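Computed from the coordinates by the stated procedures, all read-outs in this text should not be read as laboratory data. None of the values given here were measured: they were computed from a predicted structure. Heads up, the Cβs are rebuilt from the backbone with ideal geometry, glycines too, and the neighbour counts pull from every protein chain shown.
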Number of protein chains: 2
Amino acid sequence: MAVSGRGPRERMVFSAAQLIRRDGVAATGMREVAAHARAPRGSLQHYFPGGKEQLVNEAVDWAGRYAAKRVARFLAALPEPTPGALFAEMVRQWTDEYETTGFGGGCPVAAATVDCAESAASTREAASAAFTHWTGAVARALSGMGVPEERAGPLATLMISSLEGAILVARAEQDVRALTTVSRELGPLLDAAVDRTG
Amino acid sequence: MAVSGRGPRERMVFSAAQLIRRDGVAATGMREVAAHARAPRGSLQHYFPGGKEQLVNEAVDWAGRYAAKRVARFLAALPEPTPGALFAEMVRQWTDEYETTGFGGGCPVAAATVDCAESAASTREAASAAFTHWTGAVARALSGMGVPEERAGPLATLMISSLEGAILVARAEQDVRALTTVSRELGPLLDAAVDRTG
DNA sequence: CCGCTACTATGACAGCGGTCATAGAGGGTG
DNA sequence: CACCCTCTATGACCGCTGTCATAGTAGCGG
């Protein structure tokens, strides 16, 4: 996994997200992040004077924006966009990863929530913001598919909650079963929400 | 939170589950567990010669059995048992806790999965077993309500995945919104799965 | 060359973590 | 009393972690 984003700073944030999603926040050391990013250790205190908390927060923030961008990209790639198809695509990103590279990682936002929700207020807020970003992107996508405004938000929350939970279960079981199940079970419900009166 | 289960051993397992669900596995120390359980520190190596990993595994196992028992209890308490009502009750356990005692804790099994899935194989297996126990209890409950056999398993997985994810989101946002949303959105879908041909 | 800024390089420190070693109580049984 | 088994009590060890302090290098404008 040769990390080669542009600047050292970006690489460290990216590496932090990668390591966090694999081992959790507490088990991820700063020296480890720097090494993984092939960045000098001395740069840590230069780019992240706020210490580990700042680095973690930026990693979570990055993950939230990344997830939101993915939604838009999925949307553009779908030949016939429906809510169920979007959800299937979101799920497929995870089944693909798990089937090819193994069950090594989960969602970094989930990891940050589990590890820091009670101990670090700013990180909890970062996770909240990440979920909000992500949910907003999904809700907008649903609206664009004809889902009524007042239904888009709740359904987006349902999609993300189910996905996050299924990721957890799949990782524990080392089996994508939970992921494929939620996709199959939720698909019809989601598709039924599009307004066909137009 | 005066812990007063029967033996010191049981108390330590229980305390471990409590602390893990709040701070995560890595951030929970053994000395801390003993102190929280009002158990002598020297008992740690006596009751858990397998070290922290054993203690964590037992805590996860305990949580899985507890969750399964709760399902049976919810079932017995429901006046008119339907899948949607059971799910609403499972969700309500969490909204109640969050509204009364705050967003201090999540699911210990989720925490163990996030923190140990990659680093400790035995803990990952314990988490998998916990989910299996829990899912089995829910599936049996659904079957008892008239849900066809082949639908009970997938729906149970959907319920638990959605619940776990909603717990995560709710904790990050410090708002039970995600929990109430998944309950409301999934209720009709679940109730529609009961076989009414009898 | 000076001075300034951005970045890097190390080493040290203090704290905490899990684990081990060793020894001590308590209470039954022979 | 001697013996043993269960449980408890400490203290020490070692490794790791986040953070700080200090010093060094690179490049650039003047």
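Specify, per residue and in Å³, the volume enclosed by the convex hull of the alpha carbon atoms belonging to the protein assembly as shown. Write out the running numbers ahead of the final one.
Values: hull volume 59.7 nm³, N = 396.
Spread over its residues, the Cα hull of the protein assembly as shown gives 151 Å³ apiece.
How many nm is it between the label spots at B:Arg177 and A:Arg92, if each spot is 7 Å from the Cα in line with the beta carbon?
Taking the simple label geometry, B:Arg177 and A:Arg92 are separated by 3.1 nm.
Please list, or write none, the lysines whose alpha carbon is within less than 30 Å of the alpha carbon of B:Lys52, excluding same-chain residues fewer than 8 places away.
Partners found: A:Lys52, B:Lys69.
Before anything else, pin down the relative contact order of the range A:1-134: Cα pairs under 8 Å, at least 6 apart, normalised by residue count, whole percent. Can you show the working numbers first?
Working: 146 pairs, mean separation 43.5, N = 134.
Answer for the range A:1-134 is 32 percent.
Evaluate E = 1/(1 + (r/R0)^6) for B:Ser143 and A:Gln54, where r is the Cβ-Cβ distance and R0 equals 51 Å; express this FRET efficiency to the nearest 0.05.
Numbers: r = 50 Å, r/R0 = 0.99.
Approximately 0.50, to the nearest 0.05.
Which of B:Pro81, B:Gln18, B:Gly64 sits farthest toward the positive end of the charge dipole of the range B:8-191, with +1 on the Cβ of Lys and Arg and -1 on the Cβ of Asp and Glu?
About the Cα centre, the residue reaching furthest to the positive side is B:Gln18.
Need the full-extension length gain, A:Arg73 to A:Thr132, defined as separation in residues times 0.36 nm minus the C-alpha distance. One decimal, nm. Show your work: numbers first, answer last.
On the way: separation 59, 0.36 × 59 = 21.24 nm, distance 1.80 nm.
Contour length minus Cα-Cα distance gives 19.4 nm.
Does anyone have the angle between helix A:121-144 and the longest principal axis of chain A? Alpha-carbon axes, 0 to 90°, nearest 10?
30
With runs of 4+ DSSP H residues as the only contributors, calculate the mean residue ellipticity of chain B at 222 nm using -39,500 (n - 2.57) per run, divided by the residue total and rounded to the nearest 500. Let's see the in-between values first.
On the way: 9 runs with 147 residues, N = 198.
Mean residue ellipticity at 222 nm (helix-derived): -24500 deg cm²/dmol.
Charges at C-beta only: +1 for Lys and Arg, -1 for Asp and Glu. How large is the resulting dipole of chain B about its Cα centre, in Debye rounded to 20?
700
Once both axes come from the Cα atoms, what is the angle between helix B:177-191 and the longest principal axis of chain B, in degrees from 0 to 90, rounded to 10?
Compared with the principal axis, the helix lies near 40 degrees.
Could you go through the range A:20-36 in sequence order and give the Karplus-derived ³J(HN,Hα) for each residue, using 6.51 cos²θ - 1.76 cosθ + 1.60 with θ = phi - 60°, rounded to whole Hz, and x for Gly and Pro?
4, 6, 8, 10, x, 6, 5, 7, 9, x, 5, 4, 5, 4, 4, 4, 4
Which is the longest run of chain A containing none of the trypsin sites (Lys or Arg not before Pro) found in DSSP loop states (not H, G, I, E, B) with at most 14 other C-beta atoms within 10 Å?
Numbers: sites that count: A:Arg6, A:Arg38, A:Arg41, A:Arg196.
The reported range is A:42-195.
Using only Cα atoms, what is the ratio of the radius of gyration of chain A to 2.2 N^0.38 Å?
Numbers: Rg = 17.8 Å, N = 198, 2.2 N^0.38 = 16.4 Å.
Relative to the rule-of-thumb radius for its length, chain A sits at 1.08.
Residue-wise, which Karplus ³J(HN,Hα) couplings in Hz belong to the range A:98-113, taking 6.51 cos²θ - 1.76 cosθ + 1.60, θ = phi - 60°, and x for glycine or proline?
5, 7, 9, 9, x, 8, x, x, x, 8, x, 5, 4, 4, 5, 5
Using the reciprocal of the averaged 1/r over all distinct C-alpha pairs, how large is the Kirkwood radius of the range A:1-110 in Å?
Its Kirkwood hydrodynamic radius stands at 15.1 Å.
So what's the range A:81-198 giving for Rg/Rh, alpha carbon basis, Kirkwood Rh from the mean inverse pair distance? Numbers along the way, then the final one.
Numbers: Rg = 15.2 Å, Rh = 15.0 Å.
In the range A:81-198, Rg relative to Rh is 1.01.
Using each residue's phi in the range A:39-44, evaluate 6.51 cos²θ - 1.76 cosθ + 1.60 at θ = phi - 60° and report the 3J(HN,Hα) Karplus result to the nearest Hz, with x for Gly and Pro.
For the range A:39-44, the Karplus-derived couplings read 10, x, 4, x, 6, 4 Hz, x marking Gly and Pro.
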